[in-house]
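First up is the structure itself, then whatever we jot down about it.
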Amino acid sequence: MKKFGIWLIILINLGTLSLWILSKENLGLVLVRPYRSIAQIAGLLAATLSAIQFLLAARWKVVEKFFGGLDKVYRAHAYAGGLALIFMLNHPVALALNVLPSAPAALNYFWLSNNLSYNFGVLALYFMLLLLVLTLFVRLPYHIWKKTHTFLFVPQILILLHIIFINSDTSQYLALRIWMLSLSALGLLAYAYKKFLYPNLGYRHAYEIAGVKQLGSIIEINMLPLAKKINFLP
């Protein structure tokens, strides 16, 4: 059961890849424009992993069982976010390579233009890049980091809008469109649950402090449950 969570993440991403393959009437065309194909795969996997990271952060008890503990869930959450960023970076790079040597066309994938659907993708990339760099590479004080981390819903909304408006496989193949929109929406719903509902609906256990000891630089607090105790494994 402890490894089921990892396999579930893999299966969800394989589902995305499978639907992308099914969206192609002629698989031979995939090799004709390889950079475009790489860009599409990278974009779809980035959106999939971005949604998964929100599902992993919602603190659902059943998800903890899939991974064998909340600490492992959050580790998977961090890896999903890091991989989402890598795929997001490769998405515009591959698209730019596909249109070279036209420099103006290549720049459209990295900067704002008059194409609304592209702009959503560009803004999502830079928001995600900023927030995940602060998470993965900058040692911010926890209270500051936590505030920046709450803004991860912004790139997720932009990803959803990018999927809705982009003229690509997600607009031309209904099954893929429903799959990607559903994943993105579920990610946002998981965020909304954790942000607004979990503080009131989350598990709570009443304890009393039975004793306090000073052990060198460590303060040891002994607590006794007043009702149902917390069920945990160290």
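The values are calculated or read from the model by the stated rules, or taken from the named source; none is laboratory data. It should be emphasised that the depicted structure is a prediction, and the values quoted were computed from it without experimental measurement. Cβ: placed from backbone, ideal geometry, glycine included. Neighbour counts: every protein chain shown. Each accessible area value is taken on the protein alone, full model and side chains, heavy atoms only, with ligands, DNA and RNA left out. Shrake-Rupley method; radii C 1.70, N 1.55, O 1.52, S 1.80 Å.
Overview of values
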item	result
Residue in the stretch 63-81 that is under 18 Å from L123 (Cα atoms), assigned to a helix (DSSP H, G or I) and touching a residue at least 24 places away in the same chain (Cβ under 8 Å) present	yes
Tally of residues being within 10 Å of the chain's Cα centre (by Cα) and either over 15 Å from W7 (Cα atoms) or small (G, A, S) (or both) across the stretch 56-81	4
Residue identified as part of a helix (DSSP H, G or I), open to solvent by 100 Å² or more (accessible area, probe 1.4 Å), modelled with pLDDT of 95 or more and not hydroxyl-bearing (S, T, Y) among L189, L183	L189
Lone unmet requirement of (1) surrounded by 15 or more Cβ atoms within 10 Å (Cβ to Cβ); (2) out of contact with any Ser or Thr (no Cβ under 7 Å at 6 or more places or on another chain) for F137	(1)
Flag for S171 being under 15 Å from the mean Cα position of the chain (by Cα), part of a helix (DSSP H, G or I) and either modelled with pLDDT of 95 or more or not aromatic (F, W, Y) (or both)	no
Criterion (more than 14 Å from the chain's Cα centre (by Cα), among the β-branched types (V, I, T), open to solvent by 30 Å² or more (accessible area, probe 1.4 Å) and more than 20 Å from L183 (Cβ to Cβ)) met by exactly one of I164, I144	I144
